[in-house]
1. Could you say which residue among Asn82, Asn48, Asn58 is within 27 Å of Arg189 (Cβ to Cβ), at pLDDT 80 or above, polar (S, T, N, Q) and surrounded by fewer than 15 Cβ atoms within 10 Å (Cβ to Cβ)?
2. Name every residue in the range 124-135 that is in a helix (DSSP H, G or I), open to solvent by less than 60 Å² (accessible area, probe 1.4 Å) and more than 15 Å from Gln190 (Cα to Cα), in order of residue number.
3. Search the range 50-62 for residues that are outside any helix (DSSP H, G or I) and pair each with any residue that is modelled with pLDDT of 85 or more and not β-branched (Val, Ile, Thr) when their beta-carbon atoms are under 7 Å apart and the residues are at least 6 apart or on different chains.
4. Let me spell it out: the conditions are (1) at pLDDT 90 or above; (2) closer than 18 Å to Gln57 by Cα; (3) part of a helix (DSSP H, G or I), and Val121 meets all of them except one. Which number is the exception?
5. Any idea which residue in the range 183-199 is farthest from Asp99 (Cα to Cα), counting only those that are assigned to a helix (DSSP H, G or I) and β-branched (Val, Ile, Thr)?
6. Would you call Val35 closer than 30 Å to His188 by Cα and at pLDDT below 55?
7. Here is a check on your reading of the model: is Arg68 in contact with a Ser or Thr (Cβ under 8 Å, 6 or more places away or on another chain), of a type in the set (D, E, K, R) and closer than 25 Å to Ala128 by Cβ?
8. Taking the range 63-94, which residues are assigned to a helix (DSSP H, G or I) and of a type in the set (Lys, Arg)?
Amino acid sequence: MSMTHLHSHATSPVRADRICPQEAVPAVAPGVTAVFTLDPDLRVESMNAAAALLVRQNIVAARPFATRDHELNSKMRRWLRNAAAEAELRLRYRDGQGDFSVTASRADVLDAPGVSTRFVVLVQEEAAAIDRKLAKVARDHGLTHAEQRVAERILAGENTILAARRLGVAPATVRTHLQRIMAKTDTHRQSEFACLVARYVQ
């Protein structure tokens, strides 16, 4: 991406506790993409709410941007130094809390004095890691196979109507399964359940 403004890619930091209010440091809900905007020195200039949660969990550092994988950090720094416009770097990052995909791209921003180089880094937990966590949640909390299938659709960001259509059941059936999932996991909202899954130790 070149000669573009970054407003569509990143937003200013948001209080993390409003996204996943929990006693412990919250986790990024499955399927959510964390977006970081970096300056040429790899300092984070802006981040969305999901990115702020990764920083709070110490999965990613912000000053400068870094993971706990030194080899990944070195590869990213080398790539960013020589990145051409429209180029993209894709890496995998395994952390104690999950497996993540990391995508970096260059974004040349139109500023008043001229054009300055910025980078956009996207971090997202991989589907396989989410599936493993959900399987553990299902086992530990006694979810039935039907409830686990509903949970998968909810974690994919679908509402009850879309989930019902995908599963070939009535929306009322999905709502019933969802109520049972929340009762068994002691959660009260879909977002709270998503945080429980994201936080689950693999």
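1. Unique residue meeting the criteria: Asn58.
2. The answer is Ala128, Ala129, Ile130, Lys133, Ala135.
3. Within 7 Å, the pairs are Val60/Leu54.
4. It is condition (3) that Val121 fails.
5. Thr185
6. no
7. Working: in contact with a Ser or Thr (Cβ under 8 Å, 6 or more places away or on another chain): no; of a type in the set (D, E, K, R): yes; closer than 25 Å to Ala128 by Cβ: yes.
Considered against the rule, which asks whether it is in contact with a Ser or Thr (Cβ under 8 Å, 6 or more places away or on another chain), of a type in the set (D, E, K, R) and closer than 25 Å to Ala128 by Cβ, Arg68 comes out as no.
8. The answer is Lys75, Arg77, Arg78, Arg81.
The values are calculated or read from the model by the stated rules, or taken from the named source; none is laboratory data. What you see is a predicted model; the values in this text were computed from it and never measured. Cβ atoms come from the backbone with ideal geometry, glycine included; neighbour counts cover every protein chain shown. Heavy atoms of the whole protein, side chains included, go into the accessibility calculation; ligands, DNA and RNA do not. Shrake-Rupley method; radii C 1.70, N 1.55, O 1.52, S 1.80 Å.
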